[in-house]
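**Q** Pasting in a structure now, in structure tokens, and then I'll have a few things to ask.
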Amino acid sequence: MRSVKCVIIGGGVVGASAAYHLALRGESDIVILERGPMQGIGSTGRATGGVREQFGTEINIRMSMHSIDFFQNCEFATGYDPKGYLFFATERAALEQLKLNAAKQAELGVKGIEILDGDEIKRRLPAMNCEDILGGTFGPRDGFIDPVAVMRGFTKGAVDRGVKIELGHAVRKIIVQDGRVNGVSTDKGDIGCDAVIVCTGAWSRELAATAGVDVPVEPLRRQIVWARCKSEIPQDLPMVIDAVSGFHFRPAIDFWEPSKTSGVGHDILFAYPDREETPSFNTEFDNAFAEKVYELARHRAGFLFESKPVMEKCRAGLYENTPDHHAIIGGCAVDGLYFATGFSGHGVMHSPASGRAISEIVLDGKASFLDVSSLSLERFDRGELLTETGYI
């Protein structure tokens, strides 16, 4: 049986980031095992590519601050485009919560968050129905990245430093002996190791169970409509989000082949969190969802409602939800077994922070650049759940 020091299970953006940050510290005796025939065909390649500092909890805000700094200044292209996030509220309680969040963000060092009234939102988004909008907030460092480019950048940086990646390797079991990790069993044989990092998103619970560990991660389908507008959309259009319903829209781009995106300037993504969706691993796009989201678009913006869906580009992916919609980053009762999972829709945007955090936990016993202890697996047993008002 061959052996390495560390096996990273999952070759998406979070696993790639973990490998990259470990390699930066000089640890390269690592293999990333990706079950698919290529990277990014899971949640990473289906993400909307949004990044934001506008969260409600300190840990999410700090994770975002670190990650946006990384996207802006790292050694590879990330597609970072700070067009901003504009949250709007149609109910007084939602507006007050946005204001409270903005105050916390500013207290933690987030720069430039604006509190907007309804008239200012109308001025910035004249094509949108703002009659029922009371106000909102705008974050100028928020915006967009290219999830596939980020994943590829992390991977290249890791591989260039000696990390190996193996595609088409499905891990069947995490091997535990005398309370510590001893290796993994795959469909192509066993690999011995001292450490395993599980970065398998919505599939983490099943894998963790093979090691006798319960990780409360639940898969939930989230769908996105790709549509083509009749007229060109504003070049500076931010991510726009209804803080009450979760309905949101942003300019569309094909992350896999951005240079070949058709309908540039006319294409848009829009979606909302369908409350009727039940936990499953279903990633098929449902045409009935398009009908639902178009009804929301009818009220909010004529240019959205009058757009035509590009059905071959509409897609569905999986959120990896935890009970408190916060990530799980750290070890567990099994020595040498670590998790970076459960991001509840924020895995791509927080990948720089999560990769660095788990690398420091593996190498040093704790993350020193940022205290991520609130994201430990043990918080669920202790009843120390977090509350994120900015979950979409």
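Here, each number is a calculation from the coordinates, and none is a lab measurement. The shown structure was predicted, so the numbers you read here are calculated from the model rather than taken from an experiment. Using ideal geometry, Cβ is built from the backbone for each residue, glycine included, and neighbour counts are taken over all protein chains shown.
**Q** If you place +1 on the Cβ of every Lys and Arg, -1 on the Cβ of every Asp and Glu, and leave all else neutral, what size is the dipole of the range 290-392 about its Cα centre, to the nearest 20 Debye?
**A** Charge dipole of the range 290-392: 500 debye, to the nearest 20.
**Q** Output wanted: per-residue J couplings in Hz (rounded whole) for the range 318-324, from phi through Karplus 6.51 cos²θ - 1.76 cosθ + 1.60, θ = phi - 60°, x for Gly and Pro.
**A** Residue by residue, the range 318-324 yields 10, 7, 10, 7, 9, x, 10 Hz.
**Q** Follow-up question, since we're still on this one. Which three lengths, in whole Å and largest first, does the range 53-197 cover when its Cα atoms are put on their principal axes?
**A** Principal extents (Cα only, largest first): 63, 34, 29 Å.
**Q** With +1 on each Lys and Arg Cβ and -1 on each Asp and Glu Cβ, and nothing else charged, work out how big the dipole of the range 1-68 is about its Cα centre, in Debye to the nearest 20.
**A** Roughly 120 debye, rounded to the nearest 20.
**Q** Another question, then. What is the dipole size for the chain, taken about its Cα centre, with +1 at each Lys and Arg Cβ and -1 at each Asp and Glu Cβ, in debye to the nearest 20?
**A** Computed about the Cα centre, the dipole is about 700 debye.
**Q** Could you check the spin-label model distance between residue 214 and residue 106? Points 7 Å from the Cα along Cα→Cβ, value in nm.
**A** 4.4
**Q** For the chain, build the charge dipole from Cβ charges (+1 Lys, Arg; -1 Asp, Glu) around the Cα centre, then report which of 330, 70, 158 sits farthest towards its positive end.
**A** Of the listed residues, the answer is 158.
**Q** Karplus couplings for the range 41-48 from phi (6.51 cos²θ - 1.76 cosθ + 1.60, θ = phi - 60°), rounded to Hz, Gly and Pro as x?
**A** After applying 6.51 cos²θ - 1.76 cosθ + 1.60, I find 8, x, 5, 4, x, 10, 6, 7 Hz.
**Q** For the chain, what does the relative contact order come out to in percent, with C-alpha contacts under 8 Å and a separation of six or more?
**A** Worked out over the chain, it gives 23 percent.
**Q** Using only the Cα atoms of the chain, what do you get for the radius of gyration and for Dmax, in Å?
**A** Radius of gyration, then largest Cα-Cα span, for the chain: 20.7, 67 Å.
**Q** Taking Cα centroids, how far is the range 58-84 from the range 327-362 in Å?
**A** 17
**Q** Kindly provide the helix-only [θ] at 222 nm of the chain, computed as the sum of -39,500 (n - 2.57) over DSSP H runs of four or more divided by all residues, to the nearest 500 deg cm²/dmol?
**A** After summing the helix terms and dividing by residue count, I get -8000 deg cm²/dmol.
**Q** Go through the range 1-87 and name the chymotrypsin sites (Phe, Trp or Tyr not before Pro) that are in a DSSP coil and have 16 or fewer other Cβ atoms within 10 Å of their Cβ.
**A** 76
**Q** Follow-up. When only C-alpha pairs under 8 Å and at least 6 residues apart count, what is the relative contact order of the range 17-86, in percent?
**A** Reported as a whole number, the value is 17 percent.
**Q** Set Lys and Arg Cβ to +1 and Asp and Glu Cβ to -1, take the dipole of the chain about its Cα centre, and tell me which of 341, 377, 243 lies farthest positive.
**A** Positive-most Cα among the choices belongs to 341.
**Q** So what is Rg over Rh here for the range 259-363, counting just Cα atoms and using Kirkwood for Rh?
**A** 1.09
**Q** Exactly which trypsin sites (Lys or Arg not before Pro) in the range 340-392 are in a DSSP loop and have at most 13 other Cβ atoms within 10 Å?
**A** Loop-located and lightly packed - 366.
**Q** In addition: Which loop-located chymotrypsin sites (Phe, Trp or Tyr not before Pro) does the range 295-392 contain, where loop means any DSSP state but H, G, I, E or B and the Cβ has at most 14 other Cβ atoms within 10 Å?
**A** Within the range 295-392, the qualifying chymotrypsin sites (Phe, Trp or Tyr not before Pro) (loop, at most 14 other Cβ atoms within 10 Å) are 369.
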